[in-house]
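Engineer: Starting off with a structure, shown below.
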Amino acid sequence: VGSNDDKLYAINGKSGVKLWEFETGSTVQSSPAIGSDGTVYVGSDDSKVYALNGQTGVKKWEFEMYVLLSSPAIGADGTVFIGSFNKKVYALDGETGSMVWKFSTEGMIWGTPAIFEGVCYIGSMDHNLYALDIRTGTEKWRYEAEGAIVMAPAVVDDRVLFGALDHQFYALDKT
């Protein structure tokens with residue numbers, strides 16, 4: 001769990017005992033994501049995404065991007081997807097932290113991406129929900145809502161569901 005004391009904490013879910021803590025350079029408002037190998041990925045207000053050993057809390061790598069509140073999402077192949085206030089969506093190699101691709105939007109990104117069947121769905125403050133190819137970062141399509149999109153979309157059956165700051169709920173055909 002992230003904290004305003006600039007740390008990420010690992011807590012035993014049964015006993016409540018702290019297992020480890022990792023200090024970043026600023027508050028941690030991003031929710032951590034855990035890869036299939038146990039690696040913990042989290043963003044910090046210090047403008048970095050961190051990959052940590054889930055057992056020990058030891059840093060594996062960090063990637064500097066810009067201010068971020070978005071939480072990471074992990075693809076089936078271990079690629080880490082995350083948005084930033086610098087109006088970009090990043091795909092990072094989960095093992096090395098190197099950038100695979102980046103995609104530019106017209107607005108800051110607050111929400112967490114949803115990854116489903118080879119597509120990264122992510123909303124932006126520019127009112128658009130983007131569908132990006134996870135291998136290349138190429139835009140497949142976009143939909144313009146009436147308000148900014150700051151929350152994570154969800155994919156259910158053949159629909160992409162999301163809310164926007166126009167107080168509307170949207171259900172789009174994912175193709």
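The values are calculated or read from the model by the stated rules, or taken from the named source; none is laboratory data. All values reported here derive from a predicted model rather than from experimental measurement. In this analysis, Cβ positions are derived from the backbone assuming ideal geometry, glycine residues included, and neighbour counts consider all displayed protein chains. Side chains included, ligands, DNA and RNA excluded: accessible areas come from the protein's heavy atoms. Shrake-Rupley method; radii C 1.70, N 1.55, O 1.52, S 1.80 Å.
Engineer: Please express the Cα-Cα pair-distance distribution P(r) of the stretch 91-175 as a list of whole percents, one per 5 Å bin, running from 0 to the bin with the greatest distance.
Structural biologist: So the P(r) values, bin by bin, are 3, 15, 27, 25, 17, 8, 3, 1.
Engineer: Relative to the present Cα-Cα distance, how much length would full extension add between Lys140 and Ile11 at 0.36 nm per residue of separation?
Structural biologist: 42.5 nm
Engineer: Something else now. Direction-averaged shadow area of the convex hull around the Cα atoms of the stretch 71-113, nm²? Don't skip to the end; give the middle numbers.
Structural biologist: Working: hull surface 11.1 nm².
That works out to 2.8 nm², a quarter of the Cα hull's surface.
Engineer: Which one, Phe116, Ala91, Phe169, projects farthest toward the positive side of the charge dipole computed for the stretch 84-175 from Cβ point charges (K/R +1, D/E -1)?
Structural biologist: It is Ala91, whose Cα lies furthest towards the positive end.
Engineer: If you don't mind, there's one more thing I want to ask. Around Gly97, under 9 Å between beta carbons, what's the net of Lys plus Arg minus Asp minus Glu among the other residues?
Structural biologist: For residues surrounding Gly97, the net value is -2.
Engineer: Nearest 20 debye, what's the magnitude of the dipole of the chain about its Cα centre given +1 on Lys and Arg Cβ and -1 on Asp and Glu Cβ? Please list the in-between numbers first.
Structural biologist: On the way: 14 positive and 23 negative charges, 60 e Å.
With only Lys, Arg, Asp and Glu charged at Cβ, the dipole is about 280 debye.
Engineer: For the stretch 1-60, what Kirkwood radius comes out of the mean inverse Cα-Cα distance, in Å?
Structural biologist: Hydrodynamic radius (Kirkwood, Cα only) of the stretch 1-60 equals 11.4 Å.
Engineer: Volume per residue, Å³, of the convex hull around the alpha-carbon atoms of the chain?
Structural biologist: 117
Engineer: Right, next: Considering only protein heavy atoms and a probe of 1.4 Å, how much of the accessible area of the stretch 16-175 is carbon and sulfur, as a whole percent?
Structural biologist: Within the stretch 16-175, the accessible surface is 49 percent carbon and sulfur.
Engineer: When ligands, DNA and RNA are left out and all protein chains stay put, how many square angstrom of accessible area per residue does the chain have with a 1.4 Å probe?
Structural biologist: Here the residues of the chain average 49 Å² of exposed surface.
Engineer: Roughly how many whole Å is it from the C-alpha centroid of the stretch 57-116 to that of the stretch 124-175?
Structural biologist: 17
Engineer: Also, I was wondering about something else. Taking amide hydrogens as modeled 1.01 Å from N in the peptide plane, which residues meet the under 5 Å criterion relative to Lys88, leaving out close sequence neighbours?
Structural biologist: Thr105, Ile109
Engineer: My understanding is that a pair violates if its Cα-Cα distance is over 22 Å; which of Lys7/Lys59; Lys18/Lys60; Lys48/Lys140; Lys14/Lys48 do that in this structure?
Structural biologist: Distance filter (> 22 Å) returns Lys48/Lys140; Lys14/Lys48.
Engineer: Give me the number: length gained by fully extending Gln55 to Leu165, i.e. 0.36 nm times residue separation minus the C-alpha to C-alpha distance, one decimal in nm.
Structural biologist: Contour length minus Cα-Cα distance gives 35.7 nm.
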